[in-house]
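The values are calculated or read from the model by the stated rules, or taken from the named source; none is laboratory data. Because the structure is predicted, anything quoted here is derived from the model rather than measured. Cβ placement follows ideal geometry from the backbone for every residue including glycine, while neighbour counts extend to all protein chains displayed.
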Amino acid sequence: MTLADALENLLPPDSTLRLGELQLSRSPEGSFRAVHSRNRDSMERLEKLESLAELREMAKFDANNEYRPLKTAPTLKCGWVTECDEPAEFIKRLDAIYPGLFATWVAYDAGKLDPVSLRTTLDRQTGMYRFAGTINDQMANEIMREVCSPGCIRKIAWPIDDQCAVSRIKPHKRFIPPVCTEACTFAVSKARELVKKAYDKANAPDES
């Protein structure tokens, strides 16, 4: 099954589907449309974005014109619409906003993409990040609580380590869960920060 086939199965004619902050819809005739979910009931006066370049540029900045380094941050601006007839082209437009998000879900849901544990990801690091893998479980939970949960729309599918059991994320009828199958560079950076902070505290000069 191709990604285009998967899209047509998930979004048949005359239906709607949520993907992150996007509201996807398909007309009875089969054409595809994406808008910000806050615009789903107010289609008037939306800016039409028809090229991948326009969509990428829109997704670079939030409503305050601040740069969005993480494309799955919950700060996507509204006020636009993109429409096309071909499923393959529509997936390219989704990728311009959320790179690889749709393909990740399709592979994960089909059991073809296994999550990578946080410790495995951290143990791969080199250079200034090579000590990130020494975090404890409390630090790992702090990363998920302070970096992942508030800063990203993705749902964590990875365990802390390979011995931890994690329930697989289930699909919803009208909602595609935007899954995270491996910790990103922001989580790795936070791990290094926590390890360095703990090291500095443990090795602080005794001033007594």
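Some observations on this one:
- Each residue in region 168-181 was checked for being surrounded by fewer than 16 Cβ atoms within 10 Å (Cβ to Cβ) and touching a Ser or Thr at 6+ places or on another chain (Cβ under 8 Å), and 1 pass.
- Asp123 meets the conditions (1) assigned by TED's automatic domain parsing to the domain that holds Ala187; (2) crowded, with 19+ Cβ neighbours inside 10 Å in every case but one. The failed one is (2).
- The one condition in (1) surrounded by 11 or more Cβ atoms within 10 Å (Cβ to Cβ); (2) over 30 Å from Ile91 (Cα atoms) that Ala165 fails to fulfil: (1)
- Pairs are defined by a Cβ separation below 9 Å, a sequence spacing of at least 6 or placement on different chains, a first member in region 158-173 that is within 13 Å of Ser117 (Cα to Cα), and a second member that is loosely packed, with under 10 Cβ neighbours inside 10 Å; the pairs so defined are Pro159/Ala165.
- Matching residues in region 62-114 - criterion: being part of a helix (DSSP H, G or I), among the aliphatic types (A, V, I, L, M), touching a residue at least 24 places away in the same chain (Cβ under 8 Å) and out of contact with any Lys or Arg (no Cβ under 6 Å at 6 or more places or on another chain): Ala88, Ile91, Leu94, Ile97, Leu101, Ala103, Val106
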